[in-house]
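The values are calculated or read from the model by the stated rules, or taken from the named source; none is laboratory data. Fair warning: this is a prediction, and the values are worked out from it, not measured in the lab. For neighbour counting, all protein chains shown are included, and Cβ atoms are generated from backbone atoms with ideal geometry for every residue, glycine included.
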Amino acid sequence: MGEYRTEADFEMSADALWSVIRDFGEVGWLPGDPDVEVEGLGEGMIRTIDLPPQPTVREQLDAIDEAGRAIHYRVIEGNPMPVRDYKATMKVADRGGGRSRLSWSSTWQPEGVSEEQARRAVGRLYTAVLGAMRTKLEKC
């Protein structure tokens, strides 16, 4: 099983960042301008993200940990990375002084590539998403 972990610091409070992360159906912070459809509410809900030319991705929210400021989710269809059985956690921590840190980790099985190639693909996606997220959120 492969895994990937990264962290990014934000010039915004942990409460503000957590309000963005915990809203699983709102992904305006993603790169581009994706169309998003949501099925259900809370744990078990599914978000469908359409951002051509990428494949349409369906993700399911497995759990929300309010006290720990963490969400746990999985890709159930259309993963743009060469992996399967992808499960991820996004967790927000308070860094003090109106700053926060987002930790993003995942586990998965490589699909059609080596574990290292899969890890690099996951890393590229995380870097792009975190860069867009920081740009869009810190403007506010």
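Below, the figures for the structure above:
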{"read-out": "Pairs with Cβ under 9 Å, 6+ apart, first in the range 59-87 and free of Cβ contacts under 8 Å to residues at least 24 places away in the same chain and closer than 15 Å to residue 3 by Cβ, second of a type in the set (S, T, N, Q) and assigned to a strand (DSSP E or B)", "value": "72/89; 74/60; 75/60; 86/106; 86/107; 86/109"}
{"read-out": "Total residues in the range 45-94, condition basic (Lys, Arg) and either touching a Ser or Thr at 6+ places or on another chain (Cβ under 6 Å) or loosely packed, with under 14 Cβ neighbours inside 10 Å (or both)", "value": "4"}
{"read-out": "Filtered residue count, the range 61-78, keeping only those that are within 30 Å of residue 12 (Cα to Cα) and either in a loop (DSSP other than H, G, I, E, B) or among the hydroxyl-bearing types (Ser, Thr, Tyr) (or both)", "value": "5"}
{"read-out": "Unmet criterion (only one of (1) farther than 17 Å from residue 74 by Cα; (2) surrounded by fewer than 12 Cβ atoms within 10 Å (Cβ to Cβ); (3) not hydroxyl-bearing (Ser, Thr, Tyr)) for residue 42", "value": "(1)"}
{"read-out": "First in the range 97-114 and free of Cβ contacts under 8 Å to residues at least 40 places away in the same chain and among the charged types (D, E, K, R), second anywhere and surrounded by fewer than 13 Cβ atoms within 10 Å (Cβ to Cβ) and assigned to a loop (DSSP other than H, G, I, E, B), Cβ under 9 Å, 6 or more apart", "value": "none"}
{"read-out": "Evaluation of residue 118 against (1) at pLDDT 95 or above; (2) closer than 22 Å to residue 20 by Cβ; (3) among the hydrophobic types (A, V, I, L, M, F, W, C) (one fails), failing number", "value": "(2)"}
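Let's see how each residue does on (1) in contact with a Lys or Arg (Cβ under 6 Å, 6 or more places away or on another chain); (2) closer than 21 Å to residue 138 by Cβ; (3) part of a helix (DSSP H, G or I); (4) of a type outside the set (Ser, Thr, Tyr):
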{"site": "20", "(1), (2), (3), (4)": "no, yes, yes, yes"}
{"site": "31", "(1), (2), (3), (4)": "no, yes, no, yes"}
{"site": "42", "(1), (2), (3), (4)": "no, no, no, yes"}
{"site": "54", "(1), (2), (3), (4)": "no, no, no, yes"}
{"site": "59", "(1), (2), (3), (4)": "yes, no, no, yes"}
{"site": "106", "(1), (2), (3), (4)": "no, no, no, no"}
{"site": "109", "(1), (2), (3), (4)": "yes, no, no, yes"}
{"site": "126", "(1), (2), (3), (4)": "no, yes, yes, no"}
